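Engineer: Pasting in a structure now, in structure tokens, and then I'll have a few things to ask.
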Amino acid sequence: MAESQLLCMEDGLMPPAVPESRPQFYYSEQHRVALERLITDGDGAFKSLLKDENSQDFLSAREIKTITSSFVKYKSEEDNGGASAGQDKRGDAGSLRSTYWPQMSDTEVPPLDIGWPSSGLFKGVTRVAVHTHPPKENSPHIKEVARKLIQESCKVVAIVMDLLTDLQILRDLFEVSKRGVPVYIVLDEQGAPHFLDMCSRLKVGERELKNVRTRTVKGIGLNLSVGRIPGNVHSKYMLIDGDKVMFGTYSFSWSSSRMDRNMITVMSGQVVDFYDNDFRELYAISDKLDLFKEFNITKPQTGTVSRAAVPKRPEAATSRFQVNLGDVKVPAHKYHNPKYLLALGQIPGRTEPLQDFLNKMEPPDPGQQDLENPTEELENITPAASPPEKKESKKLKILTLSTKKGKKGKKDEKSDEVIEENTANPSDEASKHTLTRDETQDSLKKKKKSRFMSFFRRS
């Protein structure tokens, strides 16, 4: 139903008529009446009605031929040869057409089940490249650009097209699907039979169709009181890996790439999100085209991933914030997290609990060690250098540094203090190796002499 008709139903308001001279002009009630006259009585009655109302003829001869040939009349129960028993019961209870007005579709939305790259992330600055047919100087033709994009894809290929009959492009799509790249195709309903015909010529099989999903979509059309005028899908674009898009007037057919004048634009960047959302909307309202059923091919069995049996948690006194596991108290948010099973030693799968594994582990028996002469090996082991000697060397360095500063009288006082600190801990094992006072003084004198001799030699 047109928007103007909906406005007329709300509170009895009649929207003001928009003249044809304004850009906002879109719907006209006179045009709707004239179309119904064209369908029911023919072209002569259509033109006479326009003449009587002083209205201009708004349809070309080609449009008149297309509308009259594609018009679909509403089906009634008489045309169907009578309704089923279940439908008769529903008819007796009253028609649901006047009471059932859903705001949204109540049918299941088809999922992108073979994969779709994540969207919503920043894709960078928009970059644009334009190609034409015939090609400009030093630029490839449009079919080469399209095939190169398909062959270089690695994440996903999504196509919205009115006509897809080019054998080379179809072969590229099936080759990409063999590599595991998801391929989604949304076709115009009137172009679907031609697509199926070309696929049959390629003799596609289970391997080619495994990662391909094909659906059909209709145009907006126009609903009249006597029937419906269907529309077509003229959107022509291709999404590559979620970060590139190719769109334009080029249809994926041999004649379009050879004989027609076309222009395509390849863009990357943030603008791709618009085409990403538009494709998912078209995919959601489209109808399924099962290629396995059309070509009588057995659909491969897609095995579901079986989850390992998770063992039950130990019974425990739980509260809102804490769980008591005997002597152990665990926060409730960790206890209810499946990852906490690893901490309890209850690993999902075929492995046994961690506690049983630890109980089976036994320490090695020293009597079973294959040693020929363990006592000789212990005797031959040389003791490592004791760490207290390192401490003594550090303290000697402190003595030498302290003697350089100050006067001679102060040197002796500092050295006495350091030596007293060394001998102050008799319980320490390093006290056995400490130096006496005379030995330290002799060592200091020898070091002073050696320094003076080296100083004179340098001079």
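Engineer: Could you figure out which of (1) of a type outside the set (A, V, I, L, M); (2) under 21 Å from GLY219 (Cα atoms); (3) without any contact (Cβ under 8 Å) to a residue 24 or more places away in the chain; (4) outside any helix (DSSP H, G or I) isn't true of PHE58?
Structural biologist: Only one criterion is unmet by PHE58, namely (3).
Engineer: Just checking, how many residues over the range 117-131 are surrounded by 11 or more Cβ atoms within 10 Å (Cβ to Cβ) and closer than 14 Å to PHE247 by Cβ?
Structural biologist: 4
Engineer: Limited to the range 207-232, what total is found for residues that are farther than 23 Å from SER28 by Cβ, aliphatic (A, V, I, L, M) and part of a strand (DSSP E or B)? Spell out the reasoning first.
Structural biologist: Filtering the range 207-232 down to residues farther than 23 Å from SER28 by Cβ leaves 207-218.
Checking the rest, the ones that are also aliphatic (A, V, I, L, M) come to 209, 212, 217.
With the extra rule that they be part of a strand (DSSP E or B), the set shrinks to 212, 217.
Count: 2.
Engineer: Based on this model, can you work out whether TRP101 counts as of a type outside the set (D, E, K, R), in a loop (DSSP other than H, G, I, E, B), modelled with pLDDT of 90 or more and within 37 Å of the chain's Cα centre (by Cα)? Full working, then the answer.
Structural biologist: Numbers: of a type outside the set (D, E, K, R): yes; in a loop (DSSP other than H, G, I, E, B): yes; modelled with pLDDT of 90 or more: no; within 37 Å of the chain's Cα centre (by Cα): yes.
Judged against the criteria, TRP101 is not a match.
Engineer: Output the helices (runs of 4 or more DSSP H) that fall wholly within the range 253-302 and possess 2 or more residues being of a type in the set (A, V, I, L, M), surrounded by 13 or more Cβ atoms within 10 Å (Cβ to Cβ) and touching a residue at least 24 places away in the same chain (Cβ under 8 Å), or say none. Break it down into steps so the answer makes sense when it comes.
Structural biologist: On the way: elements: 254-258, 272-285, 291-294.
By residue number, 272-285.
Engineer: Here's another thing I want to ask about it. Between GLY242, GLY191, which is of a type outside the set (Phe, Trp, Tyr) and part of a loop (DSSP other than H, G, I, E, B)?
Structural biologist: On the way: GLY191 fails: part of a loop (DSSP other than H, G, I, E, B).
Answer to the check: GLY242.
Engineer: Does SER70 satisfy the criteria of being surrounded by 10 or more Cβ atoms within 10 Å (Cβ to Cβ), at pLDDT 65 or above and of a type in the set (Gly, Ala, Ser)? Show your work before the answer.
Structural biologist: Values: surrounded by 10 or more Cβ atoms within 10 Å (Cβ to Cβ): yes; at pLDDT 65 or above: yes; of a type in the set (Gly, Ala, Ser): yes.
For SER70, the condition - surrounded by 10 or more Cβ atoms within 10 Å (Cβ to Cβ), at pLDDT 65 or above and of a type in the set (Gly, Ala, Ser) - is met.
Engineer: When you go through TYR237, TYR250 one by one, which is the residue that is at pLDDT 95 or above, among the hydroxyl-bearing types (Ser, Thr, Tyr) and either in contact with a Leu (Cβ under 9 Å, 6 or more places away or on another chain) or over 15 Å from ASP166 (Cβ atoms) (or both)? Full working, then the answer.
Structural biologist: Numbers: TYR250 fails: either in contact with a Leu (Cβ under 9 Å, 6 or more places away or on another chain) or over 15 Å from ASP166 (Cβ atoms) (or both).
Result of the check over TYR237, TYR250: TYR237.
Engineer: State yes or no: is SER286 of a type outside the set (Phe, Trp, Tyr) and over 18 Å from VAL183 (Cβ atoms)?
Structural biologist: Working: of a type outside the set (Phe, Trp, Tyr): yes; over 18 Å from VAL183 (Cβ atoms): no.
No.
The values are calculated or read from the model by the stated rules, or taken from the named source; none is laboratory data. Being a predicted model, the structure only gives us computed values, none of them experimental. With ideal geometry, Cβ positions are generated from the backbone for all residues, glycine too; neighbour counts draw on all protein chains shown.
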